[in-house]
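So the structure is just underneath, and the comments pick up after that.
The values are calculated or read from the model by the stated rules, or taken from the named source; none is laboratory data. Everything quoted here is computed from the prediction, not taken from an experiment. Glycine gets a Cβ as well: all are built from the backbone with ideal geometry, and neighbour counts include every protein chain shown. Note: areas computed on protein heavy atoms with side chains; ligands, DNA, RNA excluded. Shrake-Rupley method; radii C 1.70, N 1.55, O 1.52, S 1.80 Å.
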Amino acid sequence: MQAHAGAGTPAYIAINRTGFAVTDFQAEKQVVRQLHAAIAGATPDTIADVLAQHVSPDWHWRGMHPFHEQRGSEAVAASFWRPLLTAFTRVQRRADIFMAGLNEMDGFKSRWVVQMGHMMGLFDRPLLGILPTGRIAMLRFVEFNRVENGRITETALFCDLLHLMMQAGQWPLPPQTGAHLVQPGPMTHTGLMYDAQPPERGKATLAAINAMLDNPYTSVDGVDEETRLRRAWHDDMIWWGPAGIGATYTIPRYIKQHCEPFDDALHEGYRFNGHLCRMAEGDFGGFFGWANLTLQNAGGYLGMTAGPGPADMRVVDLYRAQDGKLAENWIFIDILHFLNMQGLDVLGRMQSIRVY
């Protein structure tokens, strides 16, 4: 049961008895959709001006290696969008998930809009040393946008550059333990939530995500890993991992193809740093951190020898919940940054390749 909005509280917000603020987020969604529509018509020459019309002057943008943190529309255009729009011809944004929610990490105050999918285009010119194919390329991405007063003030954009290298026939890492495909969207095809969603469903999804985070995967008190995972995950769960690790299906294969290699190599110096945003809407939710984890490679993971010291993992997780448990999980990891901190410059290796 919802209480009446208090004095000074916008009319479209109500506070339920759990303290979880709810709103339909339609205004915030429209701001982000307008930006995306404008980017679709932009060129390398116009992209900075296009961005400036939709973002705040001090826009804080976070991107994966080698983009990192940028401030303002011109810096973001120069770092990310201008190179992408130069390399890719006729870019299409093909979304699989679109949602909005309130950020649990700041007490449900800030409003965020999230989109996940692929940017598809004709890969006609080099990008960061990755050689063009002249064919369709699919750049997997996820984007978190914080919206305030009709402007985007903060963004985190993760994209899978390793997968783009693989599409171009450049294989920078050893064979991965899982399979990597052009990762599909939700099996239910319900991820594009352009309309308002029942707030209780988002609340239940966030509860399922938090239950998973609160439930350790490692064996404690005599309870094995698989049993613990089954408390939070469906038996036929799908873990859509990033290139370099790959995707895996069902709890036993998830343990064998991801958890065990990860835990065996990265158990030293493990530290969880927290999340910057965690939110949910409908049956979908997720989070990102900067960096989520700090850990040290004991040797062998992603082809690396033992790491010289701790390295950061910047991670995005998006989820689909079903009947109180998690059914699908899409993961983005800034693997290039993690490896670069250990002395392996994957993009430098790409730029050293020459075609004669």
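Here are a few things to note about the model shown:
- Residues with amide H under 5 Å from that of residue 290, placed H, sequence gap 5 or more: 276
- Across all directions, the average flat footprint of the convex hull enclosing the Cα atoms of region 246-356 is 9.1 nm².
- Label corresponding to log10 I(q)/I(0) by the Debye sum over Cα atoms at q = 0.08, 0.09, 0.13 Å⁻¹ when calculated from the structure given, among [x] -0.50, -0.60, -1.08; [y] -0.39, -0.50, -1.07; [z] -0.63, -0.70, -0.92: [y]
- Among the chymotrypsin sites (Phe, Trp or Tyr not before Pro) within region 141-230, those in coil by DSSP and having at most 13 neighbouring Cβ atoms inside 10 Å are 194.
- Distance from region 165-183 to region 30-90 (C-alpha centre basis), Å: 27 Å
- If R0 is 30 Å, the Cβ-Cβ spacing of residue 213 and residue 192 corresponds to a FRET efficiency of close to 0.70.
- Carbon and sulfur %, accessible surface of region 126-200 computed with the full protein complex present, 1.4 Å: 57 percent
- Using the Cβ-Cβ distance between residue 231 and residue 352 with R0 = 45 Å, the FRET efficiency computed as 1/(1 + (r/R0)^6) comes to roughly 0.40.
- Loop-resident sites, region 72-110, for trypsin sites (Lys or Arg not before Pro), counting at most 16 other Cβ within 10 Å (DSSP): 109
- FRET efficiency for residue 38 and residue 272, using Cβ-Cβ distance with R0 set to 45 Å, rounded to 0.05: 0.75
- Accessible area per residue in Å² at 1.4 Å probe, computed on the chain: 43 Å²
- Mean ellipticity per residue at 222 nm, deg cm²/dmol - from DSSP H runs of n ≥ 4 across the chain, formula -39500 (n - 2.57): -6000 deg cm²/dmol
- Segments 97-104, 169-176 sorted - mean Cβ within 10 Å per residue, highest first: 97-104, 169-176
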